[in-house]
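This report refers to the structure that appears directly beneath it.
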Amino acid sequence: MSSVDYAIYLVHTLFWWSFVIARMILRSRERSHTAPGAGPVTTQEFTARFSRAVIGVHFLAFGVLYFGLGYAIVPGRVPVWFPGQRVAGSIVIAAGAALMVWALVCFQSWRFRAKLDVDHQLVTDGPFRYLRNPIYMGLNLLALGSAIWVPTPIVWASVLLMAVGSDLRARAEESVLAQAFGSRYRDYCARTRRFIPGVY
C-alpha cells in the first residue's frame, strides 16, 4: 500500500492537537463571565455512578482503533474498498475535529468524567442546539473516518466500541444533568437528540 497511508497518523495528530489547543485556550481565558448561550449553573457537585468505569470503554475503543491502524498501515495491508476512501475518511475525521472544537468553544465546563462541579453551565447554544453530546459525536466521527480510510475488521470493531462508549458516557452525563437542572434539562432533551439531529 502507498506510503500515503501513514498520513492517517498525521490526520489523527491534527485532530488531537485541535482538541488540546482549544482546551488550553479556553483554560487560559478569564472565567469571570458565563459563556455565550449558557443557561443556569449548578450550586453543588454531582457525580454519575460508574463514571470512571464508562470511560474505560472509550479507552478500550481507542486501544483497538490504534492497534488496528498500526496492524494495517505499518506492513502496508490497507484494503481498498473504493477510490477516494482516504479523502472521504479524512473529511469525516476533520468534521469530528471541527465539531469537538466548536463544542469546546461554546462550553467551558466539560470534564472527562460524568461529574458536575459547582458553577457547571448548562449550554444549549452552538452545536448543543442540535445535539446533546457533540464532543462524543466528534469521537465517533474520528473512529468512523478511520474505518473508512482503513477498512479492516479491527478498525470497524473500534467504531462499534467507540459508539458504545460514547453512548454510555452520554447517558451517564445526562443522568447527572437531569438531576442538577431538573425540568429545564428535560425540556432541552425533548427538543434535541443525543448524537444525530432528528434521528438519535
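Quick one: how many residues across the stretch 154-200 are without any contact (Cβ under 8 Å) to a residue 60 or more places away in the chain, over 18 Å from MET137 (Cα atoms) and part of a helix (DSSP H, G or I)?
Within the stretch 154-200, residues that are without any contact (Cβ under 8 Å) to a residue 60 or more places away in the chain, over 18 Å from MET137 (Cα atoms) and part of a helix (DSSP H, G or I) number 5.
Looking at VAL20, VAL57, VAL64, VAL80 in this structure, which one is modelled with pLDDT under 90 and of a type in the set (A, V, I, L, M)?
Answer to the selection: VAL20.
Just one of LEU144, LEU177, LEU161, LEU168 is of a type in the set (A, V, I, L, M) and over 14 Å from the mean Cα position of the chain (by Cα); which is it?
Of LEU144, LEU177, LEU161, LEU168, the one residue that is of a type in the set (A, V, I, L, M) and over 14 Å from the mean Cα position of the chain (by Cα) is LEU177.
Restricting the search to the stretch 23-37, which residues are within 21 Å of the chain's Cα centre (by Cα) and either modelled with pLDDT of 70 or more or among the basic types (Lys, Arg) (or both)?
ARG23, MET24, ILE25, LEU26, ARG27
Among the residues of the stretch 48-91, count how many are farther than 13 Å from ILE154 by Cα, not β-branched (Val, Ile, Thr) and not in a helix (DSSP H, G or I).
Selection size over the stretch 48-91: 9.
The values are calculated or read from the model by the stated rules, or taken from the named source; none is laboratory data. Since we're looking at a predicted model, the values are computed, not measured. Positions of Cβ are backbone-derived with ideal geometry, glycine not excepted, and every protein chain shown enters the neighbour counts.
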